[in-house]
Amino acid sequence: MRVNGVERSADVEPRVLLVDFLRSNLLLTGTHVGCDTTSCGACTVRMDGDPVKSCTVLAVQAEGREIKTVEGLANGAALAPIQVGFHEEHGLQCGFCTPGMMMVTSALLERNPNPTDDDIRWAISGNICRCTGYMNIVKAVKYAAQMQSEAAKAPEHAAVAGGGE
Amino acid sequence: MFPAAFDYEAPSTLTEALSILKQRGDDAKVMAGGQSLIPLLKLRFAQPQLIVDIARIPGLADIKRDDGHVRIGALARHVDIERSRELAKLLPLMVEAVHWIADPLVRNRGTLVGSVCHADPSGDWGSIMLALNAELVAQSNKGERVIPIDGFFQGPFTTTLRPDEIVTAIRIPVPSGSAGGSYHKLERRVGDFATVAVSVQVELDGRKVKKAGIGLTSVGATNLKAKQAEQALIGHELNDQVIAEAAKLAADAAEPKDDIRGSAAYKKDVVRVFVQRGLKAALARAQEVRA
């Protein structure tokens with residue numbers, strides 16, 4: 001599979017979950033294991049663009065697919081707009097849900113560059129924040145949306161703001 | 001959590017998949033998106049010796065019109081239904097109901113056909129398919145057979161599907177004339193299984209009901225079809241009295257149990273209320289379609 005743009009391969013048992021493959025085999029520990037029961041969304045990664053719960057995907061199902069994790073958001077030192085949004089709007093307290101929140105909302109912003117509060121709340125309805133900081137998460141996504149649309153209007157800044165998207 | 005060890009096959013053609021099932025069907029589970037199966041494997045409620053992953057078989061993800069039906073392939077995901085313009089036009093009930101299914105992340109992987117074959121009595125699609133009088137297209141090495149949804153569910157997680165068969169598609173009749181449907185679900189939080197849910201679809205001939213479907217979720221050993229309630233609607237105008245009578249019959253058909261989500265008596269009453277609300281919503285939509 002391609003993970004954050006790099007071809008990765010390993011022999012694993014069919015029962016190995018994608019999240020464990022990413023964390024244990026590839027040492028990409030930014031993707032978190034929260035509930036391990038398809039409820040919380042902390043393990044959200046993008047598979048062929050779609051956000052999915054990687055605790056409920058077998059690594060073998062991802063063979064040949066394009067996987068993106070939170071480590072793939074930033075472009076070197078340049079944070080992606082969604083990361084800047086979470087930073088500026090204090091979209092995290094403990095940070096446990098944050099990688100999942102950012103993966104799901106980065107996908108939202110690609111499909112819907114100007115989401116309403118309702119759109120954002122629907123998009124993150126499969127992701128649970130245990131600090132209940134949802135207000136600031138919604139603000140963070142709006143901040144990122146604004147930043148992206150400004151970058152689109154002023155292409156010369158896009159290289160800075162573009163991040164890994 | 002790790003599933004118990006299993007063999008894994010990811011055939012690239014349907015023929016190959018069917019021949020694997022012919023040999024090892026009794027020990028195998030077929031997987032599409034895996035959103036119901038993988039949690040069961042992790043909890044070790046299911047320990048098949050073999051998983052046959054059909055996700056790499058081409059041509060099974062289509063949603064298309066087919067001879068008076070809409071045909072939804074085995075790999076069409078919930079999100080594909082959510083975004084289908086064809087379904088929004090022909091069967092808006094499905095597009096409305098899909099928002100009640102799991103959460104957006106699960107909807108990116110899970111499939112309609114997988115969910116129906118999983119036959120969870122708390123599953124949403126089963127009762128929607130019962131209300132819409134769907135049929136399943138099952139393939140085996142011996143050929144194809146069409147299974148009406150009514151009678152498909154035998155018990156919790158049990159269907160009439162044979163171990164050597166794969167459901168390649170679900171076919172749903174396209175309503176004629178003015179038709180409308182609704183799905184009402186009571187859940188404790190987004191993505192939860194239903195405490196109770198009710199699916200309703202009506203087709204009108206003038207002001208009178210020509211066809212009616214009512215499916216019930218989470219109130220029995222399977223998704224239930226409230227047949228007596230459906231019959232009570234045929235040939236009648238949907239006035240308050242007719243609606244109340246059908247709602248009572250549907251509540252009578254429900255067989256809920258007391259559990260953490262509520263008492264049996266409470267759930268029966270929710271069925272009654274949801275059938276009333278559902279029929280009123282369906283009627284309003286059917287009249288919009290006519291206008």
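Each reported figure results from applying straightforward, stated rules to the coordinates on display, with no laboratory input. Remember, it's a predicted structure, so these values are computed and weren't measured experimentally. Heads up, the Cβs are rebuilt from the backbone with ideal geometry, glycines too, and the neighbour counts pull from every protein chain shown.
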Remind me, relative contact order of chain B in percent, using alpha carbon pairs under 8 angstrom and six or more residues apart? 16
Per residue, the convex hull volume that the Cα atoms of segment B:7-52 enclose (Å³): 64
Rounded to two decimal places and with Rh computed the Kirkwood way over Cα pairs, what is Rg over Rh for segment A:2-71? 0.91
Just order B:225-234, A:89-98 by mean Cβ neighbour count inside 10 Å, highest at the front, would you? B:225-234, A:89-98
Average partner coverage of B:29-41, which counts Cβ from other chains inside 10 Å: 3
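Can you pull the Rg over Rh of chain A, Cα-only, Kirkwood?
Reported Rg/Rh (Cα atoms, Kirkwood Rh): 0.97.
Quick check on segment B:63-173: what are the equivalent-ellipsoid semi-axes from the Cα gyration tensor, as sqrt(5λ), descending, whole Å? Walk me through the numbers on the way to the answer.
Values: eigenvalues 87, 53, 32 Å².
The equivalent ellipsoid of segment B:63-173 has semi-axes of 21, 16, 13 Å.
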Cross-link partners among lysines for A:K153, C-alpha distance below 24 Å, same-chain residues fewer than 8 apart left out? A:K139, A:K142
What's the extension gain from B:E16 to B:V289 if we count 0.36 nm per residue and subtract their Cα-Cα distance? 93.8 nm
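I want the local charge near B:N223. Using Cβ-Cβ distances under 11 Å, sum +1 for each Lys or Arg and -1 for each Asp or Glu among the other residues.
Values: positive: B:K225; negative: B:D120, B:D124, B:D150.
In short, -2.
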Go through B:110-116, B:28-34 and give me the packing order, highest mean Cβ count within 10 Å leading. B:110-116, B:28-34
What is the packing order of peptides A:17-26, B:261-270, taking the mean over residues of other C-beta atoms within 10 Å and listing the highest first? A:17-26, B:261-270
Of the DSSP beta bridges with both residues in the protein assembly as shown, give the percent that are antiparallel, rounding to the nearest 5. 85
Quick one: work out the % antiparallel among DSSP beta bridges in chain B, nearest 5. 85
How big is D, in µm² s⁻¹, for segment B:163-291 by Stokes-Einstein at 10 °C and 1.306 mPa s if Rh is the Kirkwood radius over C-alpha pairs? 104
Calculated Rg and Dmax of the protein assembly as shown using C-alpha coordinates, Å: 23.0, 69
Per-residue Cβ counts within 10 Å, from other chains only, averaged over B:153-165: what number is that? 0
Taking the square root of 5 times each eigenvalue of the Cα gyration tensor, what semi-axes in Å does the equivalent ellipsoid of chain B have, largest first? 33, 22, 16
R0 = 56 Å: FRET efficiency of B:M1 with B:R207, Cβ-based, nearest 0.05? 0.50
Please give the average number of partner chain Cβ atoms lying within 10 Å of the Cβ of each residue in A:49-57, rounded to a whole number. 6
Does anything in segment B:5-20 have its amide N under 19 Å from the 7 Å Cα→Cβ label point of B:R56, and if so which residues? B:6-20
Cross-link list B:K185/B:K210; B:K89/B:K210; B:K29/B:K248: which exceed 28 angstrom alpha carbon to alpha carbon? B:K29/B:K248
Please work out the FRET efficiency for the pair B:D26 and A:D48, using the Cβ-Cβ distance as r and a Förster radius of 35 Å; give the result to the nearest 0.05. 0.60
Net charge near A:V3: determine it from the other residues with C-beta under 13 Å of the C-beta of A:V3, scoring Lys and Arg +1 and Asp and Glu -1. +1
Rh_Kirkwood(segment A:81-161) over Cα pairs, Å, one decimal, evaluates to 12.5
Need one number: % antiparallel among DSSP beta bridges in chain A, to the nearest 5. 85
On Cα atoms only, tilt of B:14-24 relative to the major axis of chain B in degrees: 70
